[in-house]
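Asks: The structure under discussion is supplied below as structure tokens; questions concerning it will follow.
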Amino acid sequence: MNETRAVHHAAEIIKRGGIVAFPTETVYGLGADAFAPLAVARIFEVKKRPHFDPLIVHVAGPDDLGKLVTDIPGPAQKLINRFWPGPLTLVLPKTDEVPDIVTAGLPTVAVRMPRHAMAQRLIELAGCPIAAPSANPFGYVSPTTAEHVREQLDDQVDLILDGGPCPVGVESTILSFSEERPRLLRPGGVPLEEIESVIGKVEITPVERKSPAAPGMLPRHYAPRTPIVLAAKDEIDSYTNKKAGLLAFREPLRAFEHTEILSWKGDFREAAANLFAAIRRLDALDLEVIVAEAVPETGLGRAIMDRLRRASCEDDKLNYDQAGS
Ligand code: TXA
Ligand code: MG
């Protein structure tokens, strides 16, 4: 099936209440009509995702927000103008029409307009906003290729659209407008610095967590089967274990037998785009441990470190309340 026909077919499936895996610029999503609670319920089943973890609703454009949110505060509008389409999700007060299963009963809904042409086309053709989490079993690393989705969910979804590898490679940045000041819930594809250059200082949830109300807030998330430890570049050499794999940010001082280099030149964009596929490849090798090199926490480095921490479950070092799921 060629791409155009595949997208039309996928849109028909969504219209009929089915579920489709589709590419976005961040990671592959598993989508259903956001206004079809039964279809959305199937997503939770397939992912084995607890029902108290809300989904992101993907729109074709800002015009779709009318039926989803009751208010767009000024700063949120500025961010929409600047970063949509793109990897930025906004949490805004929801309308009554948005089904509770999508928002886990919260009075807010998370919305984003993806930049990936295939995702945009799919939403337009389906004629409805598409509720979609990442297309991975709950708690596992997000898929950045159609093959990743096939490996884990193939027989459980109605169709998998193949749009090639996801160019950004980490999930969207999530920003909440449910309190007085905008708050970063998850660092992601749009760096915090760029957001703050548009709307000024953003709240960053401190380490202290009230209660892990949503699984996305659980520290161990995005986790492969193999244990991951985070190490500074000069600590890496202390891992002499034969069955250790190395996830290096840039060219390593010493390569392990199994080494993945995220970006030879140390470029964050390239590293983010390679991150999840590299973790999956190492995870498939039956290693005792994956040693991940810590990266500087600026720009996209913040999202990369957030995912590595959650994969390694360094609970005490977590800086954010919310991760993806
Ligand atoms: O890049 C992305 O955001 C990808 C692609 C597919 O768009 N999606 C994604 O979805 O990462 P998911 O479900 O894996 O992560 C969404 C996160 C969850 O941690 C969820 O708790 C949070 O968004 N979330 C959704 N609605 C929310 C709300 N109303 N308030 C607070 N957090 C919310
Ligand atoms: Mg996810």
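Asks: What does the accessible area per residue of the chain come to in Å², with a 1.4 Å probe and no ligands, DNA or RNA counted?
Replies: Value for the chain: 41 Å² per residue.
Asks: Further, regarding this structure: Using Cα-Cα distances under 8 Å and only pairs 6 or more residues apart, what relative contact order does the chain have, in percent?
Replies: 20
Asks: With springs only between Cα atoms under 10 Å apart, run a GNM on the chain and tell me which of Val198, Val190, Val57 wobbles the most.
Replies: Per the Cα network of the chain with a 10 Å cutoff, Val198 tops the list.
Asks: Here is a follow-up. What net charge do the residues around Leu253 carry, taking every other residue with its C-beta under 12 Å from that of Leu253, with Lys and Arg at +1 and Asp and Glu at -1?
Replies: Local net charge: -2.
Asks: A follow-up question, please. Taking amide H atoms as placed 1.01 Å from N in the peptide plane, list the residues 5 or more away in sequence, or in a different chain, whose amide H sits under 5 Å from that of Ala292.
Replies: Counting only residues 5 or more places away or on other chains, the set is Val229, Leu230, Ala231, Leu247.
Asks: Restricting to Cα pairs below 8 Å that are 6+ residues apart, what does the relative contact order work out to for region 1-114? Please round to a whole percent.
Replies: Computed over region 1-114, the figure is 27 percent.
Asks: Show me 247-258, 140-151 ranked by packing, highest mean number of other Cβ atoms within 10 Å first. Mind dumping the intermediate values first?
Replies: Details: 247-258: 16.5, 140-151: 21.8.
Result, highest mean Cβ count within 10 Å first: 140-151, 247-258.
Asks: In the neighborhood of His148, defined by Cβ-to-Cβ distances under 13 Å, what is the net charge if each Lys or Arg adds +1 and each Asp or Glu adds -1?
Replies: Local net charge: -2.
Asks: Turning to a different aspect of this structure: Tell me, in nm to one decimal, what length is gained between Glu196 and Glu147 on full extension, where the rule is 0.36 nm per residue of separation less the Cα-Cα distance?
Replies: In short, 14.1 nm is gained.
Asks: Okay, next question. Tally Lys/Arg at +1 and Asp/Glu at -1 over every other residue whose Cβ is under 12 Å from the Cβ of Arg280; what's the total?
Replies: Combined, the nearby Lys, Arg, Asp and Glu give -2.
Asks: Given contacts defined as C-alpha pairs under 8 Å and at least six residues apart, what's the relative contact order of region 23-180, whole-number percent?
Replies: 39
Asks: For region 1-60, give the percent of accessible area contributed by carbon and sulfur heavy atoms, probe 1.4 Å, rounded to a whole number. Provide the component values of the computation, followed by the final result.
Replies: Details: 1340 of 2330 Å².
That share works out to 57 percent.
Asks: With a point put 7 Å past each Cα toward its Cβ, work out how far Arg225 is from Glu3 in nm, to one decimal.
Replies: Once both label points are built, they end up 3.4 nm from each other.
Asks: Classify region 1-139 as rounded, prolate or oblate from the Cα gyration tensor: take a ≥ b ≥ c as the square roots of its eigenvalues, call it rounded if a/c is under 1.5, otherwise prolate when a/b beats b/c and oblate if not. Numbers along the way, then the final one.
Replies: Numbers: a/c = 1.60, a/b = 1.16, b/c = 1.38.
Because a/c hits 1.5 or more and a/b fails to exceed b/c, region 1-139 counts as oblate.
Asks: Further question: Among all helices in the chain defined by DSSP H, which have a length of 15 Å or more along the axis from Cα atoms plus a Kyte-Doolittle mean of at least -1.0?
Replies: Span-like helices here: 3-15, 37-47, 268-283, 301-312.
Asks: Another question about this same structure. What is the distance in Å between the Cα centroid of region 1-62 and that of region 141-201?
Replies: Computed from Cα coordinates, the inter-centre distance equals 14 Å.
Asks: Positive end of the charge dipole of region 252-313 (Lys, Arg +1 and Asp, Glu -1 on Cβ, about the Cα centre): tell me which of Gly299, Ala271, Ile261 has its Cα farthest that way.
Replies: Positive-end residue among those listed: Gly299.
Asks: For the chain, set up a GNM with springs between Cα atoms under 10 Å and report which of Val59, Val291, Val202 has the largest fluctuation.
Replies: Val202
Asks: What's the magnitude of the charge dipole for region 60-152 around its Cα centre, counting Lys and Arg as +1 and Asp and Glu as -1 at the beta-carbon? Answer in Debye, nearest 20.
Replies: So the dipole magnitude of region 60-152 works out to roughly 320 debye.
Asks: Cut-off 10 angstrom, C-alpha nodes, Gaussian network model of the chain. Which of Arg49, Arg16, Arg309 fluctuates the most?
Replies: The residue with the greatest mean-square fluctuation here is Arg16.
Asks: Kindly identify region 43-99 as rounded, prolate or oblate by the Cα gyration tensor criterion: order the square roots of the eigenvalues as a ≥ b ≥ c, call it rounded if a/c is under 1.5, otherwise compare a/b with b/c, prolate if a/b is larger, else oblate.
Replies: Taking the square roots of the gyration eigenvalues as a ≥ b ≥ c, region 43-99 is prolate.
Asks: Now for a separate question. For the chain, with only Lys/Arg (+1) and Asp/Glu (-1) charged at the beta-carbon, what is the dipole magnitude about the Cα centre, in debye rounded to 20? Write out the running numbers ahead of the final one.
Replies: Numbers: 37 positive and 45 negative charges, 15 e Å.
For the chain, the charge dipole is close to 80 debye.
Asks: Something else: Eigenvalues of the Cα gyration tensor times 5, then square-rooted: what semi-axes does that give for the chain, in whole angstrom, largest first?
Replies: So the three semi-axes of the chain are 31, 23, 17 Å.
The values are calculated or read from the model by the stated rules, or taken from the named source; none is laboratory data. In this text the structure is predicted, and so the values were computed from the model without any measurement. No Cβ is skipped: glycine too gets one built from the backbone with ideal geometry, and neighbour counts run over all protein chains shown. Only protein heavy atoms, including side chains, enter the accessible area calculation; ligands, DNA and RNA are left aside. Shrake-Rupley method; radii C 1.70, N 1.55, O 1.52, S 1.80 Å.
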